[in-house]
Structure formats: C-alpha cells, structure tokens
Amino acid sequence: MRITVLSIPVMDQEKAFQFYTKKLGFLKKKDQPLDGGHRWLTLVSKDAQDGPELLLEPGPLHFEPCKVFQDALRESGIPWTGFEVDDVQAEYDRLVDLGVEFSVKPTEMGTVKFAVFNDTCGNNIQIMELL
Amino acid sequence: MTFYEQEINRIREAIYSNEGQVNTAIGIRNFIEQNYESDLNLEILSKMQFVSKYHLIRLFKQYYGQTPRQYLIDKRIAKAKEQLSKGMSVTETCFAVGFSSLGSFSTLFKTRTGSSPGAYRKAQLSRSNSKS
C-alpha cells in the first residue's frame with residue numbers, strides 16, 4: 001500500500017487549477033475527463049514530481065456535508081492542509097505580491113514557522129518551515 | 001481572533017514555553033543541517049549543546065518528532081537523491097552525503113526510496129534527457 005494521492009475539496013476545479021499552478025507553482029500531473037464536466041485532476045510539486053499527488057476534488061458541489069465541513073473549517077480559520085516550504089517569510093512575500101490573502105502572517109511557534117492563506121476555492125492553507 | 005489562532009496560542013503556551021529547550025533543539029537541528037556530510041555522532045552533538053546524550057535524544061524527539069539519527073538519515077537520503085539526479089556517481093554520492101560504506105548506503109537508499117541508487121540515478125537522468 002502506498003500513499004500517492006491526497007485530496008483537497010474545491011468549489012471550482014478550473015479556478016483551483018489556475019490558483020494552485022499559477023500562484024502556488026504546482027505542476028499538472030493528471031487531467032482526465034469524468035462525467036458532468038468534472039476531471040480527475042492532480043498536481044505535484046516541482047521538486048518532487050514523483051511524490052504524492054494533490055487531487056482537486058469538486059466534493060463540496062455534490063455532497064452537502066462536505067461543503068458544511070469545509071465552510072466550518074474556513075470560518076474558524078483552520079487550515080484544510082499544509083505545505084512545507086524552505087522559507088515562510090520569502091514565500092509569504094512572494095504570494096502577497098501575487099494578491100494572495102493571509103489570515104495568519106508568518107508566525108514562529110517553537111521549532112516551526114508558519115503562515116495561513118486563503119486559496120480562494122474554499123480553504124485555508126498553511127505553509128510551514130522547520131526552524 | 002479566529003478559533004484556530006486561539007488554539008495555536010494555547011498550544012504554544014502548553015508545549016513551547018520552555019525557550020531554553022526549544023533553542024537547544026533548534027541548535028541541534030541547525031548543526032545537523034550544516035554538517036550532515038561529516039561523521040556526526042551523539043558525542044559531538046551533546047558536547048556542543050552541553051547536554052547529556054540521553055537528554056539530547058529525548059529533547060530532539062520531543063520537538064521534532066524524530067530522533068536525531070532518524071533526522072540525519074532522512075537528510076542524507078534527500079541530499080543523495082538531489083546529487084544522483086544531477087548525475088553524480090553512486091560512489092561519489094555515498095561519501096558526499098556522509099555515508100562511509102557503499103553497501104549500507106545502497107541498502108538504506110533502497111529501503112527508503114524503493115529503488116537502488118543506481119536505478120534511481122538512471123531514471124532521473126533519462127527523465128531530464130527526455131525533457132530537453
């Protein structure tokens with residue numbers, strides 16, 4: 001058994017695809033048409049192209065409890081998931097320049113530094129760096 | 001303040017309030033990051049941070065979730081992948097990232113990544129060639 005795909009719920013797959021590739025810098029790995037205009041759409045990080053894939057899943061559109069959970073997490077500021085970066089401050093500066101909105105600015109907490117931004121697709125996402 | 005920020009503040013108070021310990025743990029990690037390719041051992045790390053070997057292991061595990069040894073091995077394997085992808089030979093890579101035996105490097109690399117260093121190198125190089 002291997003961990004190859006992890007998913008993130010998004011309201012609009014194309015919008016999410018644009019945000020996650022153009023702003024965050026992930027690369028497209030798989031894009032397969034499914035019914036109803038949806039896609040099996042996965043991304044990988046540039047420096048780990050054989051690593052786990054991130055599936056942009058249109059769950060909240062089709063399954064009400066998924067939307068309820070996503071909304072509740074977003075409103076309480078809780079990140080859906082997090083991505084590791086080498087330098088939180090540099091990444092924060094880069095993303096702010098691209099118009100990304102942060103709910104938590106770069107913050108140190110013990111042996112980690114993190115920040116939280118809005119992915120514009122319904123989720124808070126955390127970036128983190130080991131200190 | 002969001003619920004998340006309240007929780008973060010609570011957790012910070014609960015587990016990161018001992019600044020001295022946090023700084024020691026950070027110091028150990030930084031030293032490993034900068035010296036992973038040398039012959040690192042607990043003796044060196046504990047002398048440098050003025051803590052006993054056992055305390056050092058416990059402290060590191062408490063703040064990073066892994067022992068210093070596990071962390072060092074992960075670091076070396078990650079660096080080995082980088083070097084192999086750039087085309088460095090298996091033998092050179094082995095010593096460049098701090099392993100002292102080719103046999104144990106190969107075995108460890110295969111256990112961690114699923115392929116031998118040679119096979120990994122070949123796959124990475126053929127991929128970058130096919131791209132260009």
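The values are calculated or read from the model by the stated rules, or taken from the named source; none is laboratory data. It should be emphasised that the depicted structure is a prediction, and the values quoted were computed from it without experimental measurement. Backbone-built Cβ (ideal geometry, glycine too); neighbour counts: all protein chains shown.
For the reader, a short list of remarks on this structure follows.
- Scanning region A:80-104 for residues that are touching a residue at least 40 places away in the same chain (Cβ under 8 Å) and in a helix (DSSP H, G or I) yields a total of 2.
- Selection over region B:85-116 of residues that are β-branched (Val, Ile, Thr) and touching a residue at least 40 places away in the same chain (Cβ under 8 Å) gives a count of 1.
- Subset of region A:107-129 that is polar (S, T, N, Q) and more than 8 Å from chain B (Cβ to nearest Cβ) - its residue that is nearest to A:SER76 (Cα to Cα): A:ASN123
- Selection from region A:31-79 of residues that are part of a strand (DSSP E or B), within 14 Å of chain B (Cβ to nearest Cβ) and within 18 Å of A:THR4 (Cα to Cα): A:VAL44, A:SER45, A:ALA48
- Exclusive hit being touching a Lys or Arg at 6+ places or on another chain (Cβ under 9 Å), under 30 Å from B:THR113 (Cα atoms) and at pLDDT 95 or above, set A:THR21, A:THR81: A:THR21
- Taken as a whole, the condition of being crowded, with 18+ Cβ neighbours inside 10 Å, among the basic types (Lys, Arg) and closer than 19 Å to B:SER38 by Cα applies to B:ARG76.
- Any hit, region B:64-72, residues being farther than 22 Å from B:GLU43 by Cα and either touching a residue at least 40 places away in the same chain (Cβ under 8 Å) or away from every other protein chain (no Cβ under 14 Å) (or both): no
- Across region B:81-132, the number of residues qualifying as assigned to a helix (DSSP H, G or I) and either in contact with a Lys or Arg (Cβ under 6 Å, 6 or more places away or on another chain) or among the polar types (S, T, N, Q) (or both) comes to 15.
- Test result for B:ILE77, in a helix (DSSP H, G or I), among the hydrophobic types (A, V, I, L, M, F, W, C), within 14 Å of chain A (Cβ to nearest Cβ) and under 16 Å from the mean Cα position of the chain (by Cα): yes
- Every listed requirement among (1) within 14 Å of chain A (Cβ to nearest Cβ); (2) under 13 Å from the mean Cα position of the chain (by Cα); (3) not in a helix (DSSP H, G or I) is met by B:LEU40 save one, (1).
- Scan of region B:11-37 for residues that are more than 16 Å from the chain's Cα centre (by Cα), within 11 Å of chain A (Cβ to nearest Cβ) and surrounded by fewer than 16 Cβ atoms within 10 Å (Cβ to Cβ), ordered by number: B:ILE11, B:ARG12, B:GLU13, B:ALA14, B:ILE15, B:SER17, B:ASN18, B:GLU19, B:ASN23
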